[in-house]
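Every number here is computed from the coordinates shown, using simple stated rules; none is lab data. Predicted model only: the values in this text are computed from it and were never measured. Backbone-built Cβ (ideal geometry, glycine too); neighbour counts: all protein chains shown.
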Amino acid sequence: MPKNKGKAAPHLAPWRSAKRQHHFLNFPPRPSNSANPHANHIPQQGGKNRRRGKNENDNEKRELVFKEEGQEYAQVVKMLGNGRLEAQCFDGARRLAHIRGKLRKKVWINQGDIILLSLRDYQDEKGDVIMKYSADEARSLKAYGELPENAKINETDTYGDQGDEGIGFEFDEDRDDSDSDEAEGGGKKEIDIDDI
């Protein structure tokens, strides 16, 4: 009679024997990275709502950044969508600006905000938004003389905007008077189709 009657032969079913059962589960221990304790950290699970609620650096004071060569201060005139906006630069030019990826969905830019644009060497009418200034930072820039005195801070009525002048409607105040004159003159005036 064979020695291991009723049991699977170890060479046919190695997973059945007790010694080999945990062989493939005994991984060597991971080397600990003492220099970086977060190296074995599992990344946070969660979608954009977790990131949206994260406002850690809102109240922190940051160092005021002044413009350098190839940069210009501007005020947002109109949001165009798709990460683009129209900005009135304080050098007098109106430029189309692109919000860079670092600022998208992290820094919300609205109409009337003061921003710092990086000008393009090859396209003068376009630029890229480098940063957005808070109202306090914009007031500081104005106090340092970086922004002109006529710059409106924290208002939606933006610098250099024409307002209602661009709309092509005129309201005629004399219309009621002309209607009353026709009524006094004996009624409606006949219109000849050939004259039209």
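What order do you get for TYR73, TYR122, TYR144 when you list them from fewest to most C-beta neighbours inside 10 Å? Write out the running numbers ahead of the final one.
Values: TYR73 21, TYR122 5, TYR144 10.
Fewest to most other Cβ atoms nearby, the residues stand as TYR122, TYR144, TYR73.
Between GLN111 and LYS126, with labels modelled 7 Å along Cα→Cβ, what's the label distance in nm to one decimal, could you check?
2.5 nm
What percent does the relative contact order of region 71-147 come to when contacts are Cα pairs within less than 8 Å and at least six residues apart?
Details: 146 pairs, mean separation 22.4, N = 77.
Rounded, it is 29 percent for region 71-147.
Å³ per residue of the Cα convex hull, for region 71-147?
On the way: hull volume 6.6 nm³, N = 77.
Once divided by residue count, the hull of region 71-147 is 85 Å³.
Arranged from highest to lowest average of other beta-carbon atoms within 10 Å per residue, in what order do the peptides 62-69, 76-83 appear? If you can, show how the numbers build up before the last one.
Details: 62-69: 10.1, 76-83: 14.1.
Per-residue mean Cβ counts within 10 Å order the peptides as 76-83, 62-69.
Compute the distance in nm between two label points, each set 7 Å from the Cα along the Cα-to-Cβ direction, one at ALA135 and one at GLU86.
2.5 nm
Per 0.36 nm of contour for each residue apart, how much would the distance between ARG62 and LYS189 grow if the chain were fully extended, relative to their Cα-Cα spacing? Display every interim value, and only then the final one.
On the way: separation 127, 0.36 × 127 = 45.72 nm, distance 7.31 nm.
Answer, rounded to one decimal: 38.4 nm.
Under the Karplus relation 6.51 cos²θ - 1.76 cosθ + 1.60, θ = phi - 60°, what is the ordered set of whole-Hz ³J(HN,Hα) values for region 76-89, x standing for Gly and Pro?
Along region 76-89, the couplings run 6, 8, 8, 8, 9, x, 6, x, 10, 8, 9, 10, 9, 6 Hz.
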